[in-house]
Every structure is written in C-alpha cells, then in structure tokens.
There are 2 protein chains.
Amino acid sequence: MRLPERVTVYEVGPRDGLQNEKAIVPVEVKAEFIERLEDAGHRVIEATSFVHPAWVPQLADAEQLLAAISRKPGIRYPVLVPNDRGLDRALANGVDEIAIFASATETFANKNLNRTLDSQFEMFEPVVARALEHDVKVRAYVSMVFGDPWEGRTPAEQVVRVGTRLLDLGCHELSLGDTIGVGTPGQAADLIGAFPDPARLAVHFHDTYGQALANTLAALQAGVTVIDASTGGIGGCPYAESATGNLATEDLVWMLHGLGIETGLDLDKLVATSVWLAERLGRPSPSRVVQALADKDTPDAER
Amino acid sequence: MRLPERVTVYEVGPRDGLQNEKAIVPVEVKAEFIERLEDAGHRVIEATSFVHPAWVPQLADAEQLLAAISRKPGIRYPVLVPNDRGLDRALANGVDEIAIFASATETFANKNLNRTLDSQFEMFEPVVARALEHDVKVRAYVSMVFGDPWEGRTPAEQVVRVGTRLLDLGCHELSLGDTIGVGTPGQAADLIGAFPDPARLAVHFHDTYGQALANTLAALQAGVTVIDASTGGIGGCPYAESATGNLATEDLVWMLHGLGIETGLDLDKLVATSVWLAERLGRPSPSRVVQALADKDTPDAER
C-alpha cells in the first residue's frame, strides 16, 4: 500500500466544529480549547472566522479570541475570511493565514455566496491579491466536490476548473470538501488524480454516510498529505442528537498511527480534549475512538 | 483502484447483531426481520445460533425461528454451531450450512472456549467432519485477528496458522474477525496477503474505533469479495446507548455501490428494515447511513 510517511492534520474544530453550535461558547473556553489542541501536538488550527456576526453568531467573538490566545511560533492559526471586509478584520488582528470558501456547484454558489459559479471569483480575486500583498497565505476550500443536494453528482472537471482558478490566484493549498458526505473512495481517487499535483491538495471529508475514513485512505493512496478533521467529530449537522459531520480527528489519528504514518499528535490528549469539550457542549462526541477510549469501564473484549 | 466487480454481503444481523440484546426479541419479529432481509436482496443470512441457551438466552428460540421462516432456494441461512451438541441440533433442523467460531489468540481461546489455541481444534475437527459427511457446508470464523485485550497485537503468522488449519479441515470459507475493532487498513492488507488465496477469505470488521469501512476498502483492494456486516450496525457492545460494533450493512452498501460494485441489495429497503428494527429494539441504529436517510426532514445541505 503506497502511503505517505507523514501527514499534516488540519484541525478545523474551533471554526467548522463550533460554528453551528447554538449556545454561545464563552471565549475563555474557546481559548482553552485551542491551547489544548496545541498541547496535543497540532501545528495547524483553524481558529475562527471573520464572517459577519449575523451569519455565524457563535464566532462573533473572533477578535476577542485572537487576543485571548498567545499565537506560538511554528503553529499556524488560519482564519476563515469570506470577503474584503473579513480580510480587513484579519489584517487588523495580525492574522498571517486565511482561508476562503468557494463552491464547486452553481446552486450552492448561489445559495451560500449569492454568486454564480463564475462570479464568485470576482469576490475572491481582490481578497487573495490583497492578502498576498500583506504576506498573508491563503488556503482555498472548494465545497460540494462530489455532489450537492440540488444538482446531484458534481462533475470532476468542474471541481478541477474551480480549484485550478483558486490555485492560479495564488492560494497555496486547495481543500476539497465533500460538504454533504456523499462521496466514496473511487470518486476521491479520481478527483485527486484529475489535478496535476496532489501536494497542493487537502481533503475535507464528512462522515454523514460513514465514508470519511475510507475516502481518506483513498486520498492518502493518491498522494494527499493534508487531511482536515475536527476534534471529536464536532460540526456538521446541528440538529441531530449527536451531530455527525466532520471526520473526527481521533478516528483519523487512530488510522494514521495504525498505518505507521507520523502526525506529531498525542491521541490520549486529543481524546481528553474531546471529553472536556463534550462536557462543555453538553453532548457526547460522535467520534467512535472517543466513545471507545473515554469509556474505560467497558472491557476491551466487550467493545 | 483494483476492486472486484461484485461482492457478497454476508449478513450477520439476526445472529451476531441480536445475540447481545438483553430484552428477548419475539420469534415472530426475528422471522419478519429475516424476511425483510431476503426482500432487500440478501442471499446469505446468518439466521441464529445453536449455542447453549444459558450462554445466549436471546437465541434460545433457534428451533422455533427456523420453523417460522420458509427457507428459500438460492438463499443461504448459515447457523452458528459451537460444538457437537450444536451440530446435532443443526442437523435435526435441516440446516445445510453452519459456522464455527475459533480464536486467533491463546487467551481468548481460553476465555471464550475454555481451550488452548491448539486444543480448540479437538473440538472443531469432529464437528466439521460430521457436518461434511452430511453435506453441510462449514464457514469458520477466526476472532481477534488484529489484537485482543490481553495479549496486544496478534501476530499475522498466528492467524494464518489457525486459519489454514480450519481451511484444511474442509471449511469452505474463513472469516477474519477484528472482534475488538482495533485494526487499521495496513494490517488488513498484510493479513490477507499472508494467505495464499483471498478467494476463500471473508472479513468481519467492527467499527469500535471507526475503522471498519477503511479496513474493508483495503480488503477489497487485496482481493476479498465476501464482507460480513450487520443490519444498521447492531451488535457489538451491549452497554453503550447506541451500541456500535459490527460494520453497518448500509454504510458498507453505500460505499460498494458508490464504487460501482454490484451487491444485489436495495439500500432503501435495508434502511427501512433498520428503522423498523430500531423501533422494536427501542434504540436508534448506529449506522451513519441509516441516521442520514431515515431523517428525511433534515435538508441534505445541513447534514
């Protein structure tokens, strides 16, 4: 099995994981969350978002959070930036890496960004150009890469076209997002193979249909070495009892370490962080690994 | 990606899925469960077990269940048989395929079978010989193939030694079971590759650490075409709120169909069966696919 020796886990919990939580998480808890992730070995932590507070009230405290954490050398703290105004806020707060969020489908571009598939670039171009002028790195998400709820399956050529334009703008990394979690490993392999260089790709899989880890294995085999994941699997659907959406960092790390792939992460500390966070969110973690390891009273043989 | 064109899903729900349920499921419900599985396209359904009723009270109605269902031509209904006495019962009830359950580790052989790794064969040999004399096919499970809770990692050579002895006895199929769900895809590929012929192997993965589907992908790539799974993911740990253990048939089928692999199964009917069963068990299915598809009120984009 051809696999990388080392993988970077791109942790999205503080932003993507928390953004749909209805009850506002205090900024002190968010800051402690990020400190715990640093302590567990994370070197890339998407910290928050500069979207308009009316859209995502949970992350309205982005400035306060960035002031509350001490950003450490060697650790990246990218922040989601939707537009020019978001970039102003990022620059004013000394952010040195941002992430922008594009759509691979016409309908989602319209619903999420109020743009067409093509006109979304009019929004991104000045943001990326100005970020690069300020030596701010830009990661680009492409969402709905395998399908969306309205158009069905997304053609790989369309994802490649959108993704290539984003890379050509100067984005250093493209994160391919299966936002509704419908994709399977063959689609993952095919899509990655349709890009000229897997070294500039990351994958962002959702576990809605249980496929995230199998898709990740296919992505690793196709040469991808940056995997997005969320502490304890938080995020995704805010309505389900134990919301499942993002691939859980712990489930990913269990597989990576089992495959002998280095991550620099301490699984026990990750699980402890998820247990701690679950108490604060008042809901058990949907991660299988967290459920298995947090419940030490259950003998292994019964699991 | 090298993959088979067709896969046989070996459905273990009625036996492995139900065996740990504390509240006794009425025999009529079990019979309807099996009929629903047939209607969804299953052609191999492990129906029940002839273990001593004191060990597994839930399956004490094995004779009544076999009398209650009409066994259809072209569908296999293997029954678990632990020993000579179990085989007597199987033969008396016209069973034409049995499954035996071996251990790959010394400690589990001792705890589960009260035998040593070697002496378990003294129990299996006469059972298999007598079954074959009666034209009854025998499937063999090997459990704890990647590790057990007492000895840590199971050496692949040890699994191959146990498995080869079982095949040499005349078992037609060997199901490699990761009973505690600790394995990762590299181990799956290595273990399968250590056997001379993947055509005689099946895999039985547990989702305790979220690895079952990724391990299945590795098994498919290694040439295995028989995959064990349980309706809705029932079975495994009987203590957790939404018990997770066996790979959910629906999550498996979502992946297989996405990969373009034929199964003969109707996913909608499988999901409907899991929803129906969950109501009877009084507990939601742990399958991600069942959770996603059963909850039609949630817009896809929010999942």
Filtered residues of segment B:125-149 (kept if open to solvent by 20 Å² or more (accessible area, probe 1.4 Å), touching a residue at least 40 places away in the same chain (Cβ under 8 Å) and part of a helix (DSSP H, G or I)): B:GLU125, B:PRO126, B:ALA129, B:ARG130
Per-region count, segment B:272-284, residues within 14 Å of chain A (Cβ to nearest Cβ), open to solvent by 10 Å² or more (accessible area, probe 1.4 Å) and in contact with a helix residue (DSSP H, G or I) (Cβ under 9 Å, 6 or more places away or on another chain): 2
Filtered residue count, segment B:5-29, keeping only those that are buried (at least 17 other Cβ atoms within 10 Å of the Cβ) and of a type outside the set (Gly, Ala, Ser): 15
Residue match in segment B:228-247 (condition: out of contact with any strand residue (DSSP E or B) (no Cβ under 6 Å at 6 or more places or on another chain), at pLDDT 95 or above and not in a helix (DSSP H, G or I)): no
Enumeration of residues in segment A:36-76 that are within 18 Å of A:ALA229 (Cβ to Cβ) and out of contact with any helix residue (DSSP H, G or I) (no Cβ under 8 Å at 6 or more places or on another chain): A:GLU38, A:HIS42, A:ARG43, A:VAL44, A:ARG76
Failed criterion for A:PRO196 (all others in (1) surrounded by fewer than 17 Cβ atoms within 10 Å (Cβ to Cβ); (2) more than 14 Å from chain B (Cβ to nearest Cβ); (3) part of a helix (DSSP H, G or I) hold): (3)
Flag for A:VAL142 being under 19 Å from the mean Cα position of the chain (by Cα) and farther than 13 Å from A:PHE50 by Cβ: yes
Checking B:ILE180 against (1) in contact with a Lys or Arg (Cβ under 8 Å, 6 or more places away or on another chain); (2) assigned to a loop (DSSP other than H, G, I, E, B); (3) at pLDDT 95 or above, the condition it does not meet: (3)
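Here is a list: B:GLY181, B:GLY245, B:GLY258, B:GLY235. Which entry is within 14 Å of another protein chain (Cβ to nearest Cβ) and open to solvent by 20 Å² or more (accessible area, probe 1.4 Å)? Steps first, answer last, please.
Numbers: B:GLY181 fails: open to solvent by 20 Å² or more (accessible area, probe 1.4 Å); B:GLY245 fails: open to solvent by 20 Å² or more (accessible area, probe 1.4 Å); B:GLY235 fails: open to solvent by 20 Å² or more (accessible area, probe 1.4 Å).
Within the list B:GLY181, B:GLY245, B:GLY258, B:GLY235, the selection yields B:GLY258.
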Qualifying residue in segment A:262-273 (condition: part of a loop (DSSP other than H, G, I, E, B) and at pLDDT below 95): no
Failed item in (1) assigned to a loop (DSSP other than H, G, I, E, B); (2) within 10 Å of another protein chain (Cβ to nearest Cβ); (3) more than 25 Å from A:THR107 (Cβ to Cβ), with A:THR208 passing the rest: (3)
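Can you tell me which of B:ALA140, B:ALA202 is more than 27 Å from A:LEU267 (Cβ to Cβ), away from every other protein chain (no Cβ under 14 Å) and in contact with a Cys (Cβ under 6 Å, 6 or more places away or on another chain)?
On the way: B:ALA202 fails: in contact with a Cys (Cβ under 6 Å, 6 or more places away or on another chain).
Exactly one of B:ALA140, B:ALA202 is more than 27 Å from A:LEU267 (Cβ to Cβ), away from every other protein chain (no Cβ under 14 Å) and in contact with a Cys (Cβ under 6 Å, 6 or more places away or on another chain), namely B:ALA140.
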Options A:PHE124, A:PHE101, A:PHE146: the member that is within 21 Å of A:ASP190 (Cβ to Cβ), of a type in the set (Phe, Trp, Tyr) and touching a Leu at 6+ places or on another chain (Cβ under 8 Å): A:PHE146
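Table: residues versus (1) more than 22 Å from A:ALA156 (Cβ to Cβ); (2) out of contact with any Gly (no Cβ under 9 Å at 6 or more places or on another chain).
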{"position": "A:ALA104", "(1), (2)": "no, no"}
{"position": "A:ASP118", "(1), (2)": "no, yes"}
{"position": "A:MET123", "(1), (2)": "yes, yes"}
{"position": "A:ARG130", "(1), (2)": "yes, yes"}
{"position": "A:VAL142", "(1), (2)": "no, no"}
Which numbered condition B:ARG43 misses (of (1) out of contact with any strand residue (DSSP E or B) (no Cβ under 8 Å at 6 or more places or on another chain); (2) more than 14 Å from chain A (Cβ to nearest Cβ); (3) in contact (Cβ under 8 Å) with a residue 24 or more places away in the chain): (1)
Conditions (1) in contact with a strand residue (DSSP E or B) (Cβ under 7 Å, 6 or more places away or on another chain); (2) within 13 Å of chain B (Cβ to nearest Cβ); (3) assigned to a helix (DSSP H, G or I): number failed by A:LEU167: (2)
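Considering each of B:GLU28, B:GLU63, B:GLU11, B:GLU5 in turn, give the residue that is of a type in the set (D, E, K, R), over 18 Å from the mean Cα position of the chain (by Cα) and under 30 Å from A:THR184 (Cβ atoms). Walk me through how you get there before you give the answer.
Values: B:GLU28 fails: under 30 Å from A:THR184 (Cβ atoms); B:GLU63 fails: under 30 Å from A:THR184 (Cβ atoms); B:GLU11 fails: over 18 Å from the mean Cα position of the chain (by Cα).
Result: B:GLU5 is the single residue among B:GLU28, B:GLU63, B:GLU11, B:GLU5 that is of a type in the set (D, E, K, R), over 18 Å from the mean Cα position of the chain (by Cα) and under 30 Å from A:THR184 (Cβ atoms).
The values are calculated or read from the model by the stated rules, or taken from the named source; none is laboratory data. Values in this document were obtained by computation on a predicted structure and should not be read as measured data. No Cβ is skipped: glycine too gets one built from the backbone with ideal geometry, and neighbour counts run over all protein chains shown. Just the protein is used for accessible areas: all its heavy atoms, side chains included, with ligands, DNA and RNA removed. Shrake-Rupley method; radii C 1.70, N 1.55, O 1.52, S 1.80 Å.
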